[in-house]
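Scroll down for the structure; my scribbles are underneath it.
The values are calculated or read from the model by the stated rules, or taken from the named source; none is laboratory data. Note that the structure is a prediction, hence the values are computed from the model and not measured. Here the Cβ positions follow ideal geometry from the backbone for every residue, glycine too, while neighbour counts run over all protein chains shown.
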Amino acid sequence: MVINWYILLSGRLQKQRQSFTWSIFDQGHTGETWIDIEGAGPDELRQFLEPLDLHPLQLLHCLDSDIDPGVLSFTKSLLMEYPAAFDRESADPAYLSILLQASNLITVRHGPMPALDDLIQSLTVENAPPLHHLPQLIYQILDQFADLNVDAQIQVRDQIQHLAKTLAESPDTIEANDLTLLRWQVGNLISLMENQLYCVSRLAAADIEGLKEPHRKAYIQDLLSEAEIAQRGAYRLETRLNDLYRDYQMVGSDRVEKRLRLLTIVSAITLPLGLVAGLLGMNVGGMPGTNIPRAFYIVVALMVVIVLVQYWYFKWKGWFD
């Protein structure tokens, strides 16, 4: 288990160099504190969280391997299980457990989160923007994931646009698997957006000490607006993809229709030829032309004329268009 801890002091997020223990933490520290945990096993995490005297439900959710998005809020503490950024290759996103209690913020990573490392680096540099309280830090964390989701939406949108262009120019190069995979990705993205919106909505409705002040609530309300906009954007992507899928089906239906039309024309042309060949091939007496030396050539020429007349007729009627 790796524990990184930071102190929010005088508008700056300062990383602490010494290893974290609760005994060191209790020795007269000042300012609000952020403790970031990664790679923790259930037993290690339980042992670490015991001094916080959490509600049993909160502790159970922190240790549960089957994480569900949501918020558990009590008078003095809040636990949010937040799905992290969209992963195009996986249906199960990484989760970040966010625990806010008094002047302490604890985050537990369930999965790799390089975006969170990037955020920490940007907040601890010399010219970092000022941070005044923990809700503002929570806003920065969730906003970082929101930015990644916007990037994911742009990538999916560009892929939809590329497929639409390809479908218009060379439809034979598109396969159904391409659209199926993209629909799966869009479905995962929508599910992630809905879960994030649910978490932020519950966070905005939470009534704990750290979130009661209006200027702190404002950060959460801004996150709520961003989540709603992101969800609407994801639904628009789904609509565009459904339109693209209908266009693909129309192109496929048109392709099948052309092939059936061609088969119908070929059948219509060969039908009279088969009739002529069947009549003249009957092994009965009295067949006309049996005594004419050039009868075979005459019949062949007649059959060619029939084919040419039928071809001209179908061409005139536009069956080959």
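Quick notes on this one:
- Just one of (1) surrounded by fewer than 19 Cβ atoms within 10 Å (Cβ to Cβ); (2) over 21 Å from Val2 (Cα atoms); (3) at pLDDT below 80 fails for Ala85. It is (1).
- Residue within the stretch 101-109 that is touching a strand residue (DSSP E or B) at 6+ places or on another chain (Cβ under 7 Å), surrounded by fewer than 19 Cβ atoms within 10 Å (Cβ to Cβ) and either modelled with pLDDT under 90 or farther than 21 Å from Glu226 by Cα (or both) present: yes
- Test: residue in the stretch 256-265 that is assigned to a helix (DSSP H, G or I), in contact with an Asp or Glu (Cβ under 9 Å, 6 or more places away or on another chain) and under 30 Å from Leu182 (Cβ atoms): no
- Looking only at residues of the stretch 196-217 that are of a type in the set (A, V, I, L, M) and in contact with a Leu (Cβ under 6 Å, 6 or more places away or on another chain), we find that the one that is farthest from Gln231 (Cα to Cα) is Ile208.
- No other residue among Ser122, Ser65 is within 26 Å of the chain's Cα centre (by Cα), loosely packed, with under 15 Cβ neighbours inside 10 Å and within 30 Å of Ile190 (Cβ to Cβ) apart from Ser65.
- Residues that are loosely packed, with under 15 Cβ neighbours inside 10 Å and among the hydrophobic types (A, V, I, L, M, F, W, C) within the stretch 175-204 comprise Ala176, Leu181, Trp184, listed in sequence order.
- For Arg246, the conditions (1) among the charged types (D, E, K, R); (2) surrounded by 18 or more Cβ atoms within 10 Å (Cβ to Cβ); (3) without any contact (Cβ under 8 Å) to a residue 60 or more places away in the chain are fulfilled apart from (2).
- Scanning the stretch 231-239 turns up one or more residues that are touching a residue at least 12 places away in the same chain (Cβ under 8 Å) and among the hydroxyl-bearing types (Ser, Thr, Tyr).
- Residue in the stretch 205-225 that is assigned by TED's automatic domain parsing to the domain that holds Gly31, polar (S, T, N, Q) and in contact (Cβ under 8 Å) with a residue 40 or more places away in the chain present: no
Per-residue answers, yes or no, for (1) among the polar types (S, T, N, Q); (2) touching a residue at least 12 places away in the same chain (Cβ under 8 Å):
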position: Ser103; (1), (2): yes, yes
position: Asp118; (1), (2): no, yes
position: Val125; (1), (2): no, no
position: His132; (1), (2): no, yes
position: Ile160; (1), (2): no, yes
position: Leu163; (1), (2): no, yes
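- Selection count where residues are exposed (fewer than 12 other Cβ atoms within 10 Å of the Cβ) and part of a helix (DSSP H, G or I), scope the stretch 205-220: 2
- Matching entry among Leu237, Leu302, Leu224, Leu271 (being touching a Lys or Arg at 6+ places or on another chain (Cβ under 8 Å), assigned to a helix (DSSP H, G or I) and at pLDDT 85 or above): Leu237
- Per-region count, the stretch 154-163, residues buried (at least 17 other Cβ atoms within 10 Å of the Cβ) and over 14 Å from Arg236 (Cβ atoms): 2
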